[in-house]
Amino acid sequence: MAVVVVSEVVRTFGAVRALDGASWSAPAGSVTCVLGPNGAGKTTMIECLEGLQRPDGGRVEVLGVDPAHAGPDHRARVGVMLQDGGLPQSVSAERLLAHLTRLVEGPTDTERLIEQLDIAPFARTPVRRLSGGQRQRIALAAALLARPEVAFLDEPSAGLDPHARRELWRVLRDVVAAGTTLVVTTHSFEEAERLADRVVILRRGAVVADDTPSGIAGGGTLEDAYFALTEGYVR
């Protein structure tokens, strides 16, 4: 059953058509990686699914509900990791995650999540003093601590070193094994190949590929297929 549905979605900003009839879906318990050049519409599409933007046309559904009109009960079932921002700057990771844990019903083992994402070394440092990669780990922990049924992760591995990135992938595989459906935007072909059940590639706001990584690669590499599908893209 599809728990995320994007159907003929259009989103415009003045003369710019950020999404141009995009359609794809994600089944329960899967990982969908969304790839595309900068400006291809990835973040716009994710924000429509999060209810932060409303499409100008078409339909989006998450767990059978239009996210733009979702209530608190629905939002409690969805995890969100923004590409940037969304974290209070003056508190520490430790205090932030402890506060969020008290707001949700049946949270995950927060201490274990902190250990898995290697947050402990900077857990008492104010967010404003942390590196981009460290903030990414806190944002990911915040998105996952409520055991969401669906989580939208906008470039979760951005700014992480290779060791932290591999540990992140292990954590995400565990999250999916526990029943969460993930939608992940990324610029990493390795990340898509290691994580994704399906890959969606956007070009100028339209879906130009929607298949398994090997199906898109077609006997070659996902990277080569991506560049062939997005060749000549300039925005």
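Points to keep in mind about this one:
- Search result, residues across segment 23-40 that are in contact with a strand residue (DSSP E or B) (Cβ under 7 Å, 6 or more places away or on another chain), assigned to a loop (DSSP other than H, G, I, E, B) and surrounded by fewer than 17 Cβ atoms within 10 Å (Cβ to Cβ): ALA28, GLY29
- In segment 103-130, the residues that are farther than 27 Å from ALA76 by Cβ form Cβ pairs under 6 Å with partners that are of a type outside the set (Ser, Thr, Tyr) and open to solvent by 40 Å² or more (accessible area, probe 1.4 Å), at six or more places apart or across chains, as follows: PHE122/GLN134; ARG124/GLU94; ARG128/GLN89.
- Within segment 181-196, tally of residues that are of a type in the set (A, V, I, L, M) and open to solvent by less than 10 Å² (accessible area, probe 1.4 Å): 4
- Positions within segment 1-17 being surrounded by fewer than 22 Cβ atoms within 10 Å (Cβ to Cβ) and either touching a Ser or Thr at 6+ places or on another chain (Cβ under 8 Å) or not aliphatic (A, V, I, L, M) (or both), in sequence order: ALA2, VAL3, VAL5, SER7, GLU8, THR12, PHE13, GLY14, ARG17
- Selection count where residues are within 15 Å of ALA146 (Cβ to Cβ), in contact (Cβ under 8 Å) with a residue 40 or more places away in the chain and open to solvent by 60 Å² or more (accessible area, probe 1.4 Å), scope segment 50-78: 2
- In segment 161-175, the qualifying residues are those that are more than 12 Å from the chain's Cα centre (by Cα) and open to solvent by less than 50 Å² (accessible area, probe 1.4 Å), and the one that is nearest to ALA196 (Cα to Cα) is TRP169.
- Check on ASP20, open to solvent by 60 Å² or more (accessible area, probe 1.4 Å) and either in contact (Cβ under 8 Å) with a residue 12 or more places away in the chain or in a loop (DSSP other than H, G, I, E, B) (or both): yes
- Each residue in segment 79-102 was checked for being open to solvent by 50 Å² or more (accessible area, probe 1.4 Å), of a type outside the set (A, V, I, L, M) and either part of a strand (DSSP E or B) or closer than 25 Å to ARG124 by Cβ (or both), and 9 of them qualify.
- Checking every residue in segment 147-168 against the condition of being more than 20 Å from ALA93 (Cα to Cα) and modelled with pLDDT under 90 gives at least one match.
- Of all the criteria given as (1) open to solvent by less than 80 Å² (accessible area, probe 1.4 Å); (2) within 30 Å of GLY39 (Cβ to Cβ), the one not satisfied by ARG128 is (1).
- Looking across ALA158, ALA146, ALA142, ALA178, one residue alone is open to solvent by 10 Å² or more (accessible area, probe 1.4 Å) and within 12 Å of the chain's Cα centre (by Cα). It is ALA158.
- Filter pass, THR43 being in a strand (DSSP E or B), β-branched (Val, Ile, Thr), in contact with a strand residue (DSSP E or B) (Cβ under 8 Å, 6 or more places away or on another chain) and within 11 Å of PHE152 (Cα to Cα): no
The values are calculated or read from the model by the stated rules, or taken from the named source; none is laboratory data. Every value quoted in this text rests on a predicted model; they were computed, and no experiment measured them. Glycine also receives a Cβ, built like all others from the backbone with ideal geometry; neighbour counts cover every protein chain displayed. Protein only, heavy atoms only, side chains kept; ligands, DNA and RNA dropped before computing areas. Shrake-Rupley method; radii C 1.70, N 1.55, O 1.52, S 1.80 Å.
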